[in-house]
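Some notes on the structure that comes next.
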Amino acid sequence: MADITDTSTVRRASSKDANARAPDSGGELMPLAGVSAGQWRALSERAAEPNGYYLPEWELAVNASARGRVNAAALGAWRDASSLIGLVPVISMWRAYKIPLPALVSADPYGTLCTPLLDRDMAEEAVTGILQQARRAGAHALIFRATSLDGAALKAFTDVLHRSGMQPVVLQSHVRACLDTTGDADDVLREALGAKKLKELRRQRNRLAEHGPVHFDVARTPAEMATAVETFLMLEASGWKGQRGTALCQDDGDAAFVRRATSALAETGQCEIVTLRAGETPVAAAIVLRHQDRAFYFKLGVDERFAKFSPGVQLTLELTRHLCTDPAIRLVDSTAAPDHPMINPIWRGRLAIGDVLIPLRRRDPVVSLIRAALGLRGAIREPVRRIVHFVRARQEKS
């Protein structure tokens with residue numbers, strides 16, 4: 001246990017606020033806001049595995065103002081001063097879990113996916129650089145929350161660790177809904193829901209049409225996005241999220257983040273806001289991010305006055321048809337909770353997601369201590385989390 005007594009090392013990796021410097025200046029991490037947006041953008045275009053929530057336009061907006069998510073640090077790898085080849089935004093273990101141990105944790109990008117960005121042609125070199133920088137910063141482990149377990153990024157970390165006699169540890173895992181868009185949408189929906197359920201949904205849609213013709217709108221341009229995001233924010237706050245105080249527009253920082261992020265990603269063609277209307281009345285809206293051949297279903301807002309017509313489901317059916325006809329998209333990640341009662345019956349594909357611990361040294365007793373602390377925290381929090389998720393899932397069902 002000698003390593004844990006090195007308080008200077010512990011302080012560097014677990015203080016609440018990282019002292020940010022350039023990656024070549026000693027061992028301190030640079031602030032995320034200090035990463036060149038151009039280099040980050042270039043890396044995202046070369047990424048071995050897509051993650052819409054770690055696109056620079058999205059994550060920098062989160063980092064600037066989102067509630068509880070500002071001032072992350074950058075754990076990265078550079079081929080040279082002008083070429084970023086790996087990046088994961090991080091915070092201390094203290095900030096993430098209130099555990100004062102020397103580990104760095106992937107920053108929450110306001111979406112449930114923290115898969116690191118690695119250059120597809122230099123993935124293992126990027127991993128090596130990230131691990132080296134984490135060690136220099138005083139960390140004994142990395143913890144990647146909500147990370148794809150079967151993708152290229154974790155494989156690269158696994159391969160690099162194996163050569164040093166180590167392996168990643170999956171702390172918890174689950175599967176969540178996804179959509180394979182390479183098939184015909186009507187076939188996908190018929191197979192998933194069955195003829196009887198589809199007939200009932202058509203009946204509900206026909207009844208919704210009594211309030212005005214039902215149409216599905218897609219906002220793509222910055223001008224369209226500016227109007228659509230306000231509709232989305234209004235709908236999200238009109239229901240149970242607003243009652244619970246967690247709607248995005250109820251916090252100035254959150255509202256600023258989502259407006260900035262959607263506008264910036266509209267400029268690059270990587271965000272859409274989809275809206276279902278009955279006549280002139282919006283009844284449901286959602287934000288969808290796009291990165292490479294993957295889309296990410298961020299958040300859904302519905303007008304609960306129309307709950308008996310299942311507006312969230314109706315919007316999702318239209319979104320399914322929309323994305324299945326888009327040749328640029330092959331997979332849609334729901335980024336939803338496991339066993340989500342609305343999306344799981346519609347999108348029958350599954351993605352394995354988990355929290356992964358990456359050790360930085362062989363046979364390090366501090367890593368065992370970190371695992372034990374996380375296990376104890378999870379054992380205490382899990383029963384409460386299950387109750388909260390059950391209640392929220394029931395509220396989101398429409």
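The values are calculated or read from the model by the stated rules, or taken from the named source; none is laboratory data. These numbers were taken from a predicted model, which means no experiment stands behind them. Please note: Cβ atoms are built from the backbone with ideal geometry, for glycine as well, and neighbour counts cover all protein chains shown. Ligands, DNA and RNA are excluded from the accessible area calculation, which covers all protein heavy atoms including side chains. Shrake-Rupley method; radii C 1.70, N 1.55, O 1.52, S 1.80 Å.
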Could you let me know the centre-to-centre spacing of segment 305-383 and segment 236-303, using Cα atoms, in angstrom? 18
Which distance in nm do the two modelled labels at A223 and E267 give, with both placed 7 Å along the Cα-to-Cβ direction? 1.8
Of the candidate values (i) 5, 22, 32, 24, 12, 4, 1, 0; (ii) 4, 15, 15, 13, 13, 11, 7, 5, 3, 3, 3, 3, 2, 1, 0, 0; (iii) 5, 20, 28, 22, 14, 8, 3, 0, 0, the one computed for P(r) over Cα pairs in 10 Å bins from 0, in percent from this structure is (i)
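Given the -39500 (n - 2.57) contribution per DSSP H run of 4+ residues, what per-residue ellipticity at 222 nm results for the chain, rounded to the nearest 500 deg cm²/dmol?
It lands at -13500 deg cm²/dmol.
Relative to the present Cα-Cα distance, how much length would full extension add between Q132 and K308 at 0.36 nm per residue of separation?
Gain in length upon complete extension: 57.9 nm.
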Estimated distance in nm for a label pair at R330 and D121, the labels positioned 7 Å out from Cα along Cα-to-Cβ: 2.0
Across bins of 10 angstrom width beginning at 0, how are the C-alpha pair distances of segment 113-243 distributed, in whole percent? 9, 21, 23, 22, 18, 7, 1
Once a ≥ b ≥ c are taken as the square roots of the eigenvalues of the Cα gyration tensor of segment 203-298, is the result rounded (a/c under 1.5), prolate (a/b larger than b/c) or oblate (a/b not larger than b/c)? oblate
A81-E210 pseudo-label distance in nm [points 7 Å out on the Cα-to-Cβ vector]: 7.0
Extension gain from L376 to A152, taking 0.36 nm per residue of separation minus the Cα-Cα distance: 77.6 nm
Given axes a ≥ b ≥ c from the Cα gyration tensor, I'd like to know whether segment 19-105 is rounded (a/c under 1.5), prolate (a/b larger than b/c) or oblate. oblate
On the accessible surface of segment 223-287, probed at 1.4 Å with all protein chains in place, carbon and sulfur together account for a percent value of 47
Taking 0.36 nm per intervening residue step and subtracting the Cα-Cα distance, what contour gain separates S36 from T246 on full extension? 72.4 nm
Taking 8 Å as the Cα distance limit and 6 or more residues as the minimum spacing, I'd like the relative contact order of the chain as a percentage. 20
Efficiency by 1/(1 + (r/R0)^6): what FRET value for S173 and R363, r their Cβ-Cβ distance, R0 = 22 Å, to the nearest 0.05? 0.35
For segment 134-248, what's the relative contact order in percent, using C-alpha pairs closer than 8 Å and at least 6 residues apart? 8
D252 accessible area, nearest 10 Å², 1.4 Å probe? 130
Within-12-Å neighbourhood charge of M122 [Cβ basis; K, R +1; D, E -1]: -2
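Give the relative contact order (percent, whole number) for segment 188-257; include only Cα pairs under 8 Å separated by 6+ residues.
14
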